[in-house]
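Since the structure comes first, as structure tokens, the remarks are kept for the end.
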Amino acid sequence: MYRIRFRRASASADAPQSGGLSLASTSLPHPVGGNSVPSKSPDPTLKSPRVKKGSSIEPSDFRPLRLASQRIPYWKTPYSINSFALLSSIYPQHLITAWKDVMLASVTEDTLKNYGAGLLRFTQFCDKFRIPEDKRMPADDTLLSIFVAEMGAGKVKKSTIDTWIDGIKLWHEYNNAPWLGGDMLLRTKKGADTLAPHPCPEEPKLPVTQKHIDTLHKHLDLSDPFDCAVWAAALTAWKGCTRLGEILLASPSQFDPTRNVLRRSPRTTGTAANNHSWISIFIPYTKTKKYQGDWVTLTSAADPTDPLSAIQHHLDVNSDIPDDAPLFAFRSGETAWTALDRKKFMTRCNSIWEAEGLQTVLGHSFRIGGATFLLLSGVDPWVVMKQGRWSSKAFLRYWRSIEEILPLFIGDSLDNFRSLKESMSRLASINV
């Protein structure tokens, strides 16, 4: 039986607690009002973001240049400043700061980025039509409705408008402002949905194939700490039909020990009745179950694409890394280490595939390709569904090579039927 040597492991499904590691602050530094002190000191090395084309706004002390994910806590209005002053006369600042932190924790970093984009569009609209600062918060039903009609109707899809409005609403809530969006806004959003452009159907994402995986194995240097981490992560994502975002950091600055899989994350191991070893690793945060988490199970294989061997080799080569580091962290110096994030991972994989004339793919292609590989190998679709932790309805969208998969299972069923029919005929022909 394989015994992958994690250290200080526990079989508990509880989300791992924060250790001594600190790659980056796990929550955004942000002010809570006009003259407040940030709840966490901003990173002194933080550079002002570049203003992208179409993202400029009129200069204002109310709206400092910030990343999209930081606009909600940093962009102010006269109302927000006065509201903070009133709150400060009643409550200690540390209570207000903690409250604001908790509110921001209700959404993910990616959601804050999308909300920040909505707040940018709202600000551009208000700047263009000279909406006074004191009318921007609280924004009344009419202002919000006209904003949707002008900036959204016939230009963007419904989900984009919904995200914009959700972001503006959170901005109000964060600043203790009443939300005045009502029936008029709902009616305008409904009309905008009717006028939304009809996008061309998306081409299905191409899967990572067996050839992709074999090519990785051929060209990765498995004596190199970085390549070892890439190989182990690739097989975990492909064989486990797992989302990359559930096993890798989105970026080096977004490490969160309550969301990212760690070297000390809970796991269980065993050997099945068919003598195949397996390991289940607990993922503390998933797209569908959030902080409830879930388990990804990997089964051994008698070939070079054995995920258990790849993980063990990665841990052996990348030893002396703290237990509270991300699972796929790799050595980057005598005493230093680096977390493997999605960009580093995909850049390495696609550079190899492109050089070998293979189709480059997106991160989600590992999950799609893993499911397709299992189906083409004859694994029961319901087992594949459980492997990828899909609901049955969503699972159908991820089938690839359908022209091969359907004949495989239908043919097997027909073969079984013929075999049963022949057995019954032979039984009927016997004289007893």
- Search result, residues across the stretch 313-328 that are part of a helix (DSSP H, G or I) and either within 25 Å of the chain's Cα centre (by Cα) or among the basic types (K, R) (or both): H314, L315
- Criterion (in the same structural domain as K386 (by TED's automatic domain parsing) and over 18 Å from P225 (Cβ atoms)) met by exactly one of S332, S309, S319, S277: S277
- Query: Among the residues of the stretch 223-252 satisfying the criterion of being surrounded by fewer than 22 Cβ atoms within 10 Å (Cβ to Cβ) and touching a Leu at 6+ places or on another chain (Cβ under 7 Å), which is nearest to M385 (Cα to Cα)?
  - Reply: D227
- Residue set A149, A68; condition among the hydrophobic types (A, V, I, L, M, F, W, C), under 27 Å from A192 (Cα atoms) and surrounded by fewer than 18 Cβ atoms within 10 Å (Cβ to Cβ); output residue A149
- Item | Residue in the stretch 262-272 that is in contact with a Leu (Cβ under 9 Å, 6 or more places away or on another chain), in the same structural domain as K343 (by TED's automatic domain parsing), in a strand (DSSP E or B) and at negative phi present | yes
- Note on the structure: Residue count, the stretch 82-107, condition β-branched (V, I, T) and surrounded by 16 or more Cβ atoms within 10 Å (Cβ to Cβ), comes to 3
- What do you reckon, is A371 over 16 Å from N260 (Cβ atoms) and in contact with a Gly (Cβ under 8 Å, 6 or more places away or on another chain)? yes
- Task: Tell me, please, whether a residue that is touching a Phe, Trp or Tyr at 6+ places or on another chain (Cβ under 7 Å) and not assigned by TED's automatic domain parsing to the domain that holds F255 can be found in the stretch 76-90.
- Result: yes
- Condition test on P322, is it surrounded by fewer than 17 Cβ atoms within 10 Å (Cβ to Cβ) and closer than 20 Å to H219 by Cα? no
- Going through the stretch 277-316 in order, the residues found to be hydrophobic (A, V, I, L, M, F, W, C), buried (at least 19 other Cβ atoms within 10 Å of the Cβ) and under 21 Å from D214 (Cα atoms) are L298, L308, A310, I311
- Query: From T347, T338, which residue is surrounded by fewer than 18 Cβ atoms within 10 Å (Cβ to Cβ) and over 25 Å from T269 (Cβ atoms)?
  - Reply: T347
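The values are calculated or read from the model by the stated rules, or taken from the named source; none is laboratory data. Only a predicted model underlies this, so the values are computations on that prediction, with no experimental measurement involved. Cβ coordinates were reconstructed from backbone atoms using ideal geometry, including for glycine residues, and neighbour counts include every protein chain displayed.
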